[in-house]
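Right, one structure below, let's go through it.
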Amino acid sequence: MMTLVFEQALNGVQLGVLLFLLAAGLTLVFGIMNFVNLAHGSLYMVGAYFAATFIPWSGSFIVGALLALAATAAVGMALEVLIFRRLYHRDHMDQVLATFGLILFFNELVLMVWGPAGLSIAVPSWLVGQVNIIPGVPYPAYRLAVLVTGLAAAAFLYVLVSRTRTGMRIRAGASDQQMAQALGVDIKLLFTGIVGLGAALAALAGLLAAPLRSVYAGMGEDILVLAFVVVVIGGIGSIRGAFVAALGVGLIDTVGRAFLPRVLDALLSDQIADAVAPALSTTLIYLTMVVVLAIRPRGLFPAPGQ
Amino acid sequence: MTPTTPASRWAIALLIALAAAPVFSALAGQTFYVFLLSKMMILALAGVSLNWILGYGNMPSFGHAGFLGIGAYSVAIMSMRAAEAQGGWLATAFVQLPIATLAAAIAAIIIGAVSLRTRGVYFIMITLAFGQMLFSLGVALEPLGGDDGMTLPMYSTLGPADLSSGPVLYYVVLGLLVLALAGSHRLMQSPFGAVIRGAKSNETRLEALGVPTYRYRLAAFALAGAVCGLAGALLANQGGYVSPALAAWTHSAELVVIVLLGGAGTLFGPLFGALAVVGLEEILSQLTEHWRIIFGPILILVVLANRGGISGLFRARTNV
C-alpha cells in the first residue's frame, strides 16, 4: 500500500512538472504582455511532432529533442512577430479568437503533414527499465527522467528570471513597459524572446510526454485547459504560483483518480460509490480551482499590478 | 440598435428568406439545406444568449457550450424514460424543452454565482473550467454512452408530429430564434438591459449609485444559460444524438467565434455570425477536407482587421 501511495505521488509530481512547463510559458506571456494565448497547446503539439520526426532522423533522443526545441521556439517567435504583437493592446476576447484560429490551423496542418494516424516516440534505450528509488520500490526510469528534467527546467527558469540580467529586463518589462523601454530595453526583441522561451518550454513538455502518451492532432487542447487551471490557481503572471499550483494539480488529479474510488467505497454504499467516483475524480481539479477562486479570486500568489 | 439600420434591414431580409427557404428547398429536392439551416439557427440562438453576457455585459464566458450540453442531455434522459414508457407526457416537446431550459438555468445560477466573483481573464478561465467540468461529467456518465455519447431513443413529440421531421424542427427553431431576437431587443432597451450595459462600461459608478450589479449580472448569466440550454435541447433533436463533445471547450470557443465574428453587443450579430460560420464551413469543406487550414487564418485576419464583426462592416459602409 505504501509503495502504491509513493508511486502515485511520484506520478502526480511528474504530471505536475509537465503542467508547470506549459503553464510557465502561459503565465509569462500573460503576466508580461497581457496576452491570452490559446495556441500554447498547439506549440506543445508541434514540439511533440517535431521530436517524433527529428529523433528517428538524427538517431539520438537528445539531439532530436534539442532540434525540436529550437524549431518550436522558432515557430513561436515567428507567430509573435507576425500575429501576437499586433494583439497585445487588444481586448482579451480578440486574442482568444485569433489564437483559436491558430489552433484550428495547426491541428489541420499536422494532419496534412504527418497524416491522421498519430505518431509515437520510443523511450530511449538507456532509459528503458526500472530503477529502485528507495530499496524495494521500483519506478520506471523514463518517468523519473521526466521528473528530473522538468525540475531542472524549473530551476533554470527561476535562475534566469531572478538572477540574470535578461531576467531583470523581463521583470522590468512586466512591471513598467514604457519605463523599461525608455531606459534602453529593446521591448520588441524581449517580447519575441519570451514567446520563444515559452514555446521551447511547451515543446519540452510535449516531447517529454510523448513516450508516455501519444502524439496526435488536438493533443494540445486536452492539456491546455489543465495548464490554464494551473495558471489561474497560481495567480496569473506568477511563476512561483504556477509551480506550486502545477504540483498541487498534478498530485490532486493523479492521487484523486487512484484513491478516491476506494475512499468513497469505504464511506458510501457500493452502488452510489460506483456511480459517483468516476465523475468526482475527473472533476476534482476543476472543483479545486472553483474553491480556490471562490476564496481567493486572483489565485494563490496574485502578481502585483495584474 | 434601432430596427432601421442597414444591419437590421439585412437581418430582417435574412429572416424572411429563412422563413421561405424550406419551401424552395423542397421544390428543388435539396432537403439537406433545411437540416443545415436548422443547425445554423440553433447556433444563432445559442449565440444570441451568449451575446447578452459576452457582448452587452462584461462577462466573457468561455464555458457556454456547457449549457448546450445540459440542455441536450436533459432531452436525452427524458427521451430514454419516455421510450421505456413508450411515449407519455415526458415525450412531448412542451415538457422536454422547458425542463431542459430550467435545468440549464439552475446550473447557470450556481456557475454564475461563483464565477461572477472574478473579473477579466479569471472569469474567462473559471467559466472555461466549469464548462470542462460539465464535459468530464458527460464523459463519466456511462449509462448515457460516456465518451461516445448516445443516439436519442425517441425525438421530442409535438402533437401528432415530432422533431425528427426536418420542416417541423426548422419552423420551431425559426420561431424560437425570432422570439429570442425580439426578446433581446426588448431586454436591452429595458432598465435591466441598461444596468447590464452600464456594468460593462463602469460598474463602480453603478455600485456607487446603489445598483446591486452582482444580482443583475447573475440574472443575465442565468437567462443566457437557460436560453443556451433550450438551444441544446433543439440541437439534440437536430442531430438525433448527444455526446460530451457538445460541452467541450472548443465548442464554447465556436460560440464565441459566432458572437465576435457577427459583432459582439449588436442585436443581429449572432445571426450573421452563425450564418458566416456554418456557411464558411460548408463552402470551404466543399473545396477541401482540410477546410480548417483556411478557416483558422480567416479568423485571425478578421481579428487583425477587426472593426466590430460583420455588423461593424455595415456600420463602416454607412459612415463613408
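Computed quantities for the displayed model
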read-out	value
Count of residues meeting criterion [part of a helix (DSSP H, G or I) and either at pLDDT below 95 or within 14 Å of chain B (Cβ to nearest Cβ) (or both)] in the range A:24-44	13
Boolean, A:SER125 is more than 14 Å from every other protein chain (Cβ to nearest Cβ), farther than 30 Å from A:GLY173 by Cα, touching a residue at least 24 places away in the same chain (Cβ under 8 Å) and of a type in the set (Ser, Thr, Tyr)	no
Meets criteria (among the small types (Gly, Ala, Ser) and closer than 30 Å to A:GLY248 by Cα) for A:GLY64	no
Candidates B:ILE53, B:ILE77, B:ILE106 - the one that is surrounded by 23 or more Cβ atoms within 10 Å (Cβ to Cβ) and either on the phi < 0 side of the Ramachandran plot or away from chain A (no Cβ under 14 Å) (or both)	B:ILE53
Helices (runs of 4 or more DSSP H) enclosed by the range B:1-98 - at least 1 residues per element that are touching a His at 6+ places or on another chain (Cβ under 9 Å)	B:32-50, B:65-84
Count of residues meeting criterion [within 13 Å of chain A (Cβ to nearest Cβ) and more than 22 Å from A:LEU224 (Cα to Cα)] in the range B:58-72	1
Subset of the range A:279-288 [closer than 20 Å to A:ILE223 by Cβ and free of Cβ contacts under 8 Å to residues at least 12 places away in the same chain]	A:THR283, A:LEU287
Odd one out for B:THR118, checked against (1) out of contact with any strand residue (DSSP E or B) (no Cβ under 8 Å at 6 or more places or on another chain); (2) closer than 18 Å to B:ALA231 by Cα; (3) outside any helix (DSSP H, G or I)	(2)
Condition met for A:THR72 (buried (at least 24 other Cβ atoms within 10 Å of the Cβ), in a helix (DSSP H, G or I) and more than 14 Å from every other protein chain (Cβ to nearest Cβ))	yes
Positions within the range B:1-30 being among the hydroxyl-bearing types (Ser, Thr, Tyr) and within 22 Å of B:LEU280 (Cβ to Cβ), in sequence order	B:SER25
Matching residues, the range B:129-187, being of a type in the set (D, E, K, R) and crowded, with 17+ Cβ neighbours inside 10 Å	B:ASP162
Count of residues meeting criterion [part of a helix (DSSP H, G or I) and either within 14 Å of chain A (Cβ to nearest Cβ) or among the polar types (S, T, N, Q) (or both)] in the range B:130-177	16
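The values are calculated or read from the model by the stated rules, or taken from the named source; none is laboratory data. For clarity, every value in this text was computed on a predicted model and none was experimentally measured. Here Cβ is always computed from backbone atoms with ideal geometry, including for glycine, and neighbour counts include all displayed protein chains.
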